[in-house]
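S.K.: Quick one: the structure is below, and I'll ask about it shortly.
The values are calculated or read from the model by the stated rules, or taken from the named source; none is laboratory data. These numbers come from a predicted model, not from an experiment. Every residue, glycine among them, receives a Cβ derived from its backbone with ideal geometry; neighbour counts consider all protein chains shown.
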Amino acid sequence: MRTEKQTEKEGFGIHIEGLRKRYGKGDTAVDALKDVNMSVAPGEVVGLIGPSGSGKSTLLKCLGAIIEPTAGWMTLGDETIFDGGWKSTDLRALRRDRIGFVFQAPYLIPFLDVTDNVALLPMLAGQPNAQARQRAGELLTALDVGHRARAQPSELSGGEQQRVAIARALANQPPVILADEPTAPLDSERALAVMRILNDMARQYNTAIIVVTHDEKIIPTFRRIYHIRDGRTYEEAGEGRAL
Ligand SMILES: Nc1ncnc2c1ncn2[C@@H]1O[C@H](COP(=O)(O)OP(=O)(O)O)[C@@H](O)[C@H]1O
Ligand SMILES: [Mg+2]
């Protein structure tokens, strides 16, 4: 087991080997993942690209311990979390402490304002409320949505909601961030701003980040890309264009 201090310094890498996921049984079974192999170093931001239905969301959900793979092997840092079955004893703690999710749909809590949506998890984790809200404000400002800090989610545009959801995923400084098409509803400038923040985050906190996308605006920013097609992954070098 790593201590918190080691975790902060070294970060958590991601390794996936031979991952498979079958939904359902018998005649109606769908083999969504057939052979997924992937490594992300601490501090690295990789792209995951593939056509609709190729298994991108399924892969993120397996890695985020939201659904159970059918076979294969996954590690976070030096902990094997899955080896033909879950090895991690507390999946809720794994999700809460290690994984920051940016979903395709933002899923903000409707009765909390924007600031408290972002500050909620850090407050639940024991951070003083004022400190959590201050950090939330900083993240919202960095994501160009600081002026909406006191608004209710229902009062925001789709793009604003998505930027709040990104701030929320970053608020706990999780060692792993899984983002499912985070820039889809954003214009070019804001999409690149989000990628800049994710890259800064990766560098500063050694966060390992996977970004599912088919957004042409951000694809050139990745140094390394995994393509997924029909449940199988292929690695490719990216342009790594500076942000
Ligand atoms: N809960 C589910 N039950 C059955 N099949 C599913 C389920 N979720 C996804 N699938 C199927 O698995 C395949 C991969 O889906 P998904 O991971 O959502 O792809 P992507 O995110 O790349 O569009 C698709 O054929 C999809 O229909
Ligand atoms: Mg998807």
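S.K.: Within region 16-68, can you find the residues that are small (Gly, Ala, Ser), closer than 21 Å to residue 198 by Cα and free of Cβ contacts under 8 Å to residues at least 40 places away in the same chain? Steps first, answer last, please.
M.R.: Taking region 16-68 and keeping what is small (Gly, Ala, Ser), we get 18, 24, 26, 29, 32, 39, 41, 43, 47, 50, 52-55, 57, 64-65.
Restricting the remaining residues to those that are closer than 21 Å to residue 198 by Cα gives 39, 41, 43, 47, 50, 57, 64.
Of everything in region 16-68, just one residue is small (Gly, Ala, Ser), closer than 21 Å to residue 198 by Cα and free of Cβ contacts under 8 Å to residues at least 40 places away in the same chain, namely 39.
S.K.: Report, ordered by the first and then the second residue, all pairs with beta carbons closer than 7 Å, sequence separation of six or more or different chains, a first member in region 172-189 that is under 21 Å from residue 206 (Cα atoms) and of a type in the set (Asp, Glu), and a second member that is in a loop (DSSP other than H, G, I, E, B) and within 14 Å of ligand 2 (Cβ to nearest atom).
M.R.: 180/103; 180/104
S.K.: Let me ask something else. Among the residues of region 96-152, which ones are touching a Phe, Trp or Tyr at 6+ places or on another chain (Cβ under 9 Å) and modelled with pLDDT of 95 or more?
M.R.: 152, the sole residue that qualifies.
S.K.: Okay, next question. Could you please tell me which pairs satisfy a Cβ distance under 6 Å, a separation of 6+ or placement on different chains, a first residue in region 108-130 that is over 14 Å from residue 148 (Cα atoms) and free of Cβ contacts under 8 Å to residues at least 12 places away in the same chain, and a second residue that is assigned to a helix (DSSP H, G or I) and of a type in the set (S, T, N, Q)?
M.R.: Every condition considered, the pairs that remain are 123/129.
S.K.: Give the residue, chosen from 155, 181, that is at pLDDT 95 or above and either within 16 Å of ligand 2 (Cβ to nearest atom) or over 18 Å from residue 119 (Cα atoms) (or both).
M.R.: Values: 181 fails: at pLDDT 95 or above.
None of the other options fit; the residue is 155.
S.K.: What is the residue count in region 18-72 for residues that are more than 15 Å from ligand 1 (Cβ to nearest atom) and either under 22 Å from residue 103 (Cα atoms) or within 19 Å of the chain's Cα centre (by Cα) (or both)?
M.R.: 10
S.K.: From the list 232, 241, 203, which residue is closer than 21 Å to residue 63 by Cα and surrounded by fewer than 17 Cβ atoms within 10 Å (Cβ to Cβ)? Step through it out loud before you land on a result.
M.R.: Values: 241 fails: closer than 21 Å to residue 63 by Cα; 203 fails: closer than 21 Å to residue 63 by Cα.
Residue meeting the stated conditions: 232.
S.K.: Could I ask something else about it? If you take the residues in region 171-200 that are among the aliphatic types (A, V, I, L, M) and either surrounded by fewer than 22 Cβ atoms within 10 Å (Cβ to Cβ) or within 14 Å of residue 221 (Cα to Cα) (or both), which one is nearest to the chain's Cα centre (by Cα)?
M.R.: If we filter region 171-200 for residues that are among the aliphatic types (A, V, I, L, M), which is where we start, we get 171, 176-179, 184, 186, 191-195, 197-198.
Restricting the remaining residues to those that are either surrounded by fewer than 22 Cβ atoms within 10 Å (Cβ to Cβ) or within 14 Å of residue 221 (Cα to Cα) (or both) gives 184, 191-195, 197-198.
On the way: 184: 14, 191: 15, 192: 16, 193: 16, 194: 13, 195: 12, 197: 13, 198: 10 Å.
My answer is 198.
S.K.: Next question. Could you look through region 125-137, keep only residues that are in a helix (DSSP H, G or I) and under 20 Å from the mean Cα position of the chain (by Cα), and pick out the one that is surrounded by the fewest Cβ atoms within 10 Å (Cβ to Cβ)? Walk me through how you get there before you give the answer.
M.R.: Filtering region 125-137 for residues in a helix (DSSP H, G or I) gives 129-137.
With the extra rule that they be under 20 Å from the mean Cα position of the chain (by Cα), the set shrinks to 135-136.
Values: 135: 19, 136: 26.
This residue is 135.
S.K.: Taking the stated definitions as given, is residue 141 touching a Lys or Arg at 6+ places or on another chain (Cβ under 9 Å) and of a type in the set (Ser, Thr, Tyr)?
M.R.: Values: touching a Lys or Arg at 6+ places or on another chain (Cβ under 9 Å): no; of a type in the set (Ser, Thr, Tyr): yes.
Answer is no for this residue.
S.K.: Taking residue 98 and the conditions (1) surrounded by fewer than 20 Cβ atoms within 10 Å (Cβ to Cβ); (2) within 18 Å of residue 176 (Cβ to Cβ), which numbered condition does it fall short on, given that it satisfies the others?
M.R.: (1)
S.K.: Considering only region 98-107, I want to know if a residue exists there that is under 20 Å from residue 187 (Cβ atoms) and over 18 Å from the mean Cα position of the chain (by Cα).
M.R.: No, region 98-107 contains no residue that is under 20 Å from residue 187 (Cβ atoms) and over 18 Å from the mean Cα position of the chain (by Cα).
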